[in-house]
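Everything on this sheet refers to the single structure shown next.
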Amino acid sequence: MAELGSWLRNEVVALEPASEANIDLLIKWTLDPRAQGPYKRVPEVTPDGLRALFLHAPDRWYFLIRRASDAKPLGRFYYRAWRFQPDEIDWELNPLIADPVERGRGYGTTVQALAADFLLQRQETHSVFAYTFEANVAERRALQKAGFKEVGSMPHPYYQVKLLSEPCVLYVRRA
C-alpha cells in the first residue's frame, strides 16, 4: 500500500502530492472564486498561509488532481485525519474541480472513490466521510456513486466538525 502523501492513481485520475512544483496552482485555485464554484468559499487566508497549510499541515494531505490520460491539472483535493475516538481515524474528503468545464465529468466521484478505497485499507481507519451543502445535488450524487451512504444532516453527534451556516448533508463509507 502507498504511504500517506504519495501518488494515488487509477485509469481516470492521478493525485499528485502538493509540492513546490505545483503549489502556486493550488494556491491560485483556492483564492479564485470561479475555481471555487458555487458551493465552496474563498478562504480568508494569505497565499503564504495556504502554502504552509498545503505543504506542512500535520493532519491533512493535499494533492493536485490530474487527468490520467494527458496529465492535465483539474483541481485540488485533500483528505484530513480526525480523531473522534482514541486510536481510530475518521478521514474527511474534500475535492475541488477548478475548471467549470471539467465539472460533471466524474472526476470528483473518481477522486473520492480512489481516496476512500485507499484510506479504508489502513488499519486505524474507522470511516471516511464527506459533507456538502444540502443544495449541492451534483456533489451528493457524486458521493453516492463513490459508494458513500447518506447518514443525516450536519452537525452530527459523532462527526464534530465546525461548519458554515448553510444546511449540510453527511455521507460516510466504512470498510
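A few remarks follow.
- Taking Cα centre as origin and charging only the Cβ of basic (Lys, Arg, +1) and acidic (Asp, Glu, -1) residues, the dipole magnitude of the chain rounds to 420 debye.
- Between amide H atoms placed 1.01 Å from N, distances below 5 Å from TYR79 occur with TRP61, all of them 5 or more places distant or on a separate chain.
- The value of relative contact order for the chain, using C-alpha pairs under 8 Å at least six residues apart, is 18 percent.
- Ranking of TYR39, TYR159, TYR107 by count of other Cβ atoms within 10 Å, fewest first: TYR39, TYR159, TYR107
- For LEU74, distant residues with modelled amide H under 5 Å away: ILE65, ARG66, ARG67
- Arranged from fewest to most other beta-carbon atoms within 10 Å of their beta carbon, TRP91, TRP7 become TRP7, TRP91.
- Derived scalar couplings ³J(HN,Hα) [the stretch 125-130; Karplus, 6.51 cos²θ - 1.76 cosθ + 1.60; whole Hz; x for Gly, Pro]: 6, 8, 7, 10, 9, 8
- Under 5 Å from the amide H of VAL13 lie the amide H atoms of ALA68, each residue being 5 or more positions distant or on a separate chain, with H modelled from the backbone and absent for Pro and chain starts.
- Couplings for the stretch 18-34, taken from phi via the Karplus curve 6.51 cos²θ - 1.76 cosθ + 1.60 with θ = phi - 60°, read 4, 7, 4, 6, 10, 4, 5, 5, 4, 5, 4, 5, 5, 9, 9, x, 5 Hz in order; Gly and Pro are left as x.
- Spin-label model, ARG174/ARG60: points 7 Å from Cα along the beta carbon direction are separated by 2.7 nm.
Since every read-out is calculated from the coordinates, none of them should be taken as a lab result. A quick note: this is a predicted structure, and the numbers were derived from the prediction, not measured. All Cβ positions, glycine included, derive from the backbone under ideal geometry; neighbour counts span all protein chains shown.
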